[in-house]
Each structure stands twice: as C-alpha cells, then as structure tokens.
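Encoded as structure tokens, the structure appears first; notes follow it.
Laboratory data are not the source of any read-out in this text; all were calculated from the coordinates shown. Everything numeric here is computed off the predicted structure, so don't read it as measured data. Glycine gets a Cβ as well: all are built from the backbone with ideal geometry, and neighbour counts include every protein chain shown.
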Amino acid sequence: MRQSQLFTKTQKDFPADETSAGTQFLLRAGFIDRTAAGVYTILPLGYNVLRKIENIIAKAMDRLGGQRVTMPALVPKKYWETTGRWNAFDALYKLKGKNDDEYALGATLEEIVTPLAQKYAVSYKDFPFSIYQIQTKFRDEMRAKSGLLRGREFLMKDLYSFHVDQKDCDALYEKVKDSYFSIFKETGLAASTYLTLAGGGTFSKFSHEFQTATEAGEDIIYLCDNCGFSINREIKKEYPKCPECGCEKFGEKKAIEVGNIFKLGTKYSAAFGFEAVGPDGCKMPVLMNCYGIGLTRLMGTVAEISRDSAGLIWPAAIAPFEAHLVELESKDGEVNKKIREAAQKIYSDLQKRDIGVLYDDRTGKSVGEKFKDADLLGMPFRVVVSEKSLAKDSVEIKKRDSREAELVGLDKACAFNFKD
C-alpha cells in the first residue's frame, strides 16, 4: 500500500472525552473513526488488523471442530420471550417494524442458535457439535466511554457447543481454555492475560474470564501471591483463601476482559424444548456451552498495552503491514531519483515475498514528520531508504520497539526476516 494513496491521514487531535490511551492512538493514527460514543468506523488500517485477528480466531475455532455460520442481527421478539429475556436483558436495542412486528438487535445469540440447532440435531448420534459466528453485536451500554473497550456496536466471536454427555461437555470446555491462550499468545496478549474465576450467573456456579492486566481496565482481579490463581472482584468474598493453594495473600490488578467461557447447562435448550432421542428411545437433555471473544475489544486491548509515548507497537501477527518502508527525499535531484528507484524495487520485491508493506512515498514531508508517523502507526519494522544509507549501498532497518537501527545491504534487504 502506497501511503500517498491512503485516504486517511494521521491527526494531532482526538475527541476530548476519549479516556482510553490506546483508542486515542487508534484515532490519531487513522485506524478507526468515531461516529458516536461507543460506535466506530473501522478504517483501512484497522480493517487489516481485525481481518488478521479474525483469521487467527477462525482457524482456532476450526481446529476445535467448530462450524461457521452467519446468524441474523435482527432477532424477533418471540425468541426473546421464549427465554424470558425480552424484559430481563436491559441492554437490548428494541425496534418495531412497519407491520408492528417487534425485534431486538442481536446482543447475544442464544435465542437464535438454540432453535437453529434443534432443527437438525434429533438423535444422540447427532451430538456433539459446535457452531460459531463472527459478526457485529449491539448493546445499549450506559457507559460507552472507553473507546473500543466498551462499545455499543462491536465485532464478536461466539462459539456454541451442544452435548448429550457431561464428560464430553466438560472436555471441550477445557480444550477451549487452551485454544484461547493460543489465540492470545499469537495476538500478543498472553503474557499479561489471566484465566480468572468468575460467577456463573444463572447458568452455573462458576464461569471463566480471560482478563488482561492494564491500568486502563475497568475490571478488578485478584492474583494469589503464591500460585498466581486469579479471581474476579464479584466472587472474591467467597474465597478469602486461594482455592488452589490456600494462600491468604492476593495482589490486586486492573484488567480488561478479552474473553469468557460459560457452561450454560440446559437453560436455553430447556426453554425451547430441545431434547435428543437417546439409544433407548427416551429423551435426553441437551447441554450447551458458549465461548466468546470480542474482536474489536481485543484490538483495543492490544493498542492499550502495546504502545509507548510515541504511538502503537503492533505484534507481528496482527500488524496492518509487517514493514513500513520510508523514503527520505534528498535536495539533490539525481540522488532523489536513485532513492526512489531503490525504494520502489524494495517495495516490489517485498510484495513478491508476500510481505505486507506500507510504502511512505509521500513528497514534501520532512524526515521528522515521516518518522513520527511511522512511530504512531506502529508497524513492527521500519525500513528507511535515504541518501545516507544509499552511500553505503544499504538501507536502515529498525524494529518498532528498538532504539537501534541495523544497516542491511540493498541486495539483502528483501531477504530480511520481517516475520519475527
């Protein structure tokens, strides 16, 4: 991508009421644009990040045996009434059509996925199976003030699993725990993300959250000083001692919930009368689990924890581009021609190697402006072609999180490892 053709531009300012530093950088760098509090347009650079996050998550769900679908965001009132949530779910956006039919925008999709599965799964032989979707959700949040961390419209992945055997149900639950940590490792969050014991609400005694520690977090988690076991604030009173090791000392951290997993039991299957015919011809209860990850929230969390005072620092696996190729102009016309020819060759060769490149070919920009923009945008590597580097038949390559640049010969620049 040539930066001169990118329709977005970096900005100095951001909305005064944006309290999340990560979201401030995303706005200034042109990854997102705010339409209203909690509602954002995802711009080309941000779309590249979300697309990579989506691919990582989708591959992980596929490995678990999940089958992908797209479910409607417009959910008829009758489904919400079946589960008793039309009036009980206070974050629903409700609307009425011209024929007076009532709907809610999808805040969660148990009301759709349960009767959907019921149409196809009749016998115990049809189980287990899992269905997942990645799509936009809507919630009428009262406190949409933390950018992508708490939105009214957001992109989310939900995996729903269906079982007739409790052991099988529990086994998948444990597999998803491991799968989630592989996702967070690839997206750069694993080192600061904790599996956290949480209340199960109306579903079960316990559930689990994946909490990423950061001062920007709105949640509070407690970490055992001895073994690191994590408990969220809402159930801490039940455990004055660590349930894993018995230690009474806990450290307190702010955190952002980036994922959650619930054992739903028969709450929704029973509401829809969803049962399976067992081997003896008798009806068997259908057990359900659900597993969620917010993609836009994950993107906002990465921006929150992976940054410095100058801008974003994207993990390689989800960066919009692996390399930011920066062409620095010379006052000498002939030298300037050589700089452009060398930069364009590197740009072409890297693309042939399937290395994503943002090529800063803009003219009339100072060295300082280009370097500030490169730091703000946060690509993992910066490749600089200048009069100084060409004098040594080289380019300067610097990791975004490093102070030192490396001189690499022009003939070796395209073979450089931009993946690590």
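Some points to look at:
- Spacing of the modelled spin labels on Ala36 and Leu74, each 7 Å from Cα toward Cβ, amounts to 1.9 nm.
- Chain lengthening between Ala191 and Ser366 when straightened (0.36 nm per residue, less Cα-Cα): 59.3 nm
- Bridges between two residues of the chain, per DSSP, are antiparallel at a rate of about 80%.
- In terms of packing, defined here as the mean over residues of other Cβ atoms within 10 angstrom, the peptides 390-396, 208-214 line up highest first as 208-214, 390-396.
- Additional length obtainable on full extension of the chain from Arg340 to Lys236, 0.36 nm per residue less Cα span: 31.4 nm
- Region 278-339: C-alpha gyration tensor shape, a/c 1.5 cut-off, then a/b vs b/c: prolate
- Spatial separation of Cα centroids for region 1-36 and region 285-341, in angstrom: 13
- Look at the dipole of region 208-278 built from charges on Cβ: of Leu223, Ala213, Ala271, the Cα furthest out on the positive end belongs to Ala271.
- Per-residue extension of 0.36 nm, minus the Cα-Cα distance of Phe181 and Lys98, leaves a gain of 25.3 nm for this segment.
- DSSP beta bridges fully contained in region 321-415 are about 45 percent antiparallel.
- Close amide H contacts of Gly217 (hydrogens built in the peptide plane, cut-off under 5 Å, sequence separation of 5 or more or a different chain): Ala255.
- Cα gyration tensor shape of region 321-415, rounded if a/c is under 1.5, else prolate or oblate by comparing a/b with b/c: rounded
- Mean Cβ neighbour count within 10 Å, used as a protection proxy, ranking 182-191, 163-172 highest first: 182-191, 163-172
- Here the Karplus curve 6.51 cos²θ - 1.76 cosθ + 1.60, taken at θ = phi - 60°, turns the phi angles of region 181-197 into couplings of 5, 5, 5, 5, 5, 5, 8, x, 10, 4, 5, 10, 10, 10, 6, 10, 5 Hz, with x standing for Gly and Pro.
- Point-charge dipole on Cβ atoms (K/R +1, D/E -1) for the chain, about Cα centre, debye to 20: 420
- Neighbourhood charge, 15 Å Cβ-Cβ cut-off, centred on Asp126 and excluding it, Lys, Arg +1 and Asp, Glu -1: 0
- The relative contact order of region 321-415 comes to 33 percent, based on Cα pairs under 8 Å that sit 6 or more residues apart.
- Across region 77-89, coupling constants 3J(HN,Hα) worked out from phi with the 6.51/-1.76/1.60 Karplus curve, θ = phi - 60°, read 4, 4, 5, 5, 5, 4, 8, x, 9, 4, 9, 8, 8 Hz, and Gly and Pro carry x.
- The spacing between region 371-412 and region 51-108, judged by their C-alpha centroids, is 46 Å.
- Relative contact order computed over the chain (Cα-Cα under 8 Å; 6+ residues apart), in percent: 16
- Global form of region 7-308, assessed from the alpha-carbon gyration tensor, a/c cut-off 1.5: oblate
- Electrostatic dipole magnitude of region 1-139 [Cβ: Lys, Arg +1; Asp, Glu -1; Cα centre; debye, to 20]: 460
- Region 147-198 and region 199-269 have their alpha-carbon centroids 14 Å apart.
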